[in-house]
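Below is one structure, written out as structure tokens, with a few remarks after it.
The values are calculated or read from the model by the stated rules, or taken from the named source; none is laboratory data. Small disclaimer: the values here were computed from a predicted structure and weren't measured. Positions of Cβ are backbone-derived with ideal geometry, glycine not excepted, and every protein chain shown enters the neighbour counts.
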Amino acid sequence: MVRPVPIATVEAVLRREIARHNDETGRRSDGAGGRSYRQVFEDGLDRRVIRKATTRHLARAGLIYKPATVDRHGRVQLDTWTYGDPGSQEALLRHRGKRILVGRNPDDFSVPAVAYDEDGRLIWDRIEPVIAGDYESADGIRTATRNRKAVRDAARRWPSSRAGRGRTA
């Protein structure tokens, strides 16, 4: 007859064996240098530099980034929006004809954008929109795209649904 082992016993044995394995000295793996896995882990924690994201980091992480080319007026075009007010044009003109990465708020395209060069260096962090586009946000673009697709699908189906019916003038 088979008798199941109580879960508490299984957990206790697992904890004991994992601790024994991690405390075993003389490890030869890269970086261990004869120390136990627990010593390697604790030494790594002691040398770790703790960095916290600033408000600016968090705000920039929430942007959507797209590549764009700077035009001869020191402006960039994303979807139907144009960014590049007089304050940012001088910095952008240094990258004329080149591809840059432009980040903007996906919920509100009217908020100033940020631009980075191809090496990841900040070009300008408050590029104001100068020509508003058709949609105010990324959701607006997605909704318009879905609506256009629905209209195309309905138009494609329309003649077949009228097949066999007499035409009236």
Within the set of pairs 6 or more residues apart or between chains, which connect a residue that is free of Cβ contacts under 8 Å to residues at least 40 places away in the same chain inside segment 1-29 to a residue that is part of a helix (DSSP H, G or I) and among the β-branched types (Val, Ile, Thr) with Cβ atoms less than 9 Å apart?
5/13; 27/40; 29/40
Could you run through segment 40-60 and say how many residues are free of Cβ contacts under 8 Å to residues at least 12 places away in the same chain and farther than 30 Å from residue 24 by Cα?
9
For residues that are buried (at least 17 other Cβ atoms within 10 Å of the Cβ) and over 18 Å from the mean Cα position of the chain (by Cα), tally how many sit in segment 103-132.
4
Tell me, please, whether a residue that is surrounded by fewer than 12 Cβ atoms within 10 Å (Cβ to Cβ) and in contact with a Leu (Cβ under 9 Å, 6 or more places away or on another chain) can be found in segment 64-72.
yes
Looking across segment 39-81 at residues that are among the small types (Gly, Ala, Ser) and out of contact with any helix residue (DSSP H, G or I) (no Cβ under 8 Å at 6 or more places or on another chain), the single one that is nearest to residue 22 (Cα to Cα) is 44
What are the residue pairs meeting all of these: first residue in segment 125-138, first residue within 18 Å of residue 90 (Cβ to Cβ) and modelled with pLDDT of 80 or more, second residue in a strand (DSSP E or B) and not hydrophobic (A, V, I, L, M, F, W, C), Cβ atoms under 9 Å, and 6 or more apart or on different chains?
127/83; 127/104; 128/83; 129/82; 129/83; 129/104; 130/82; 130/83
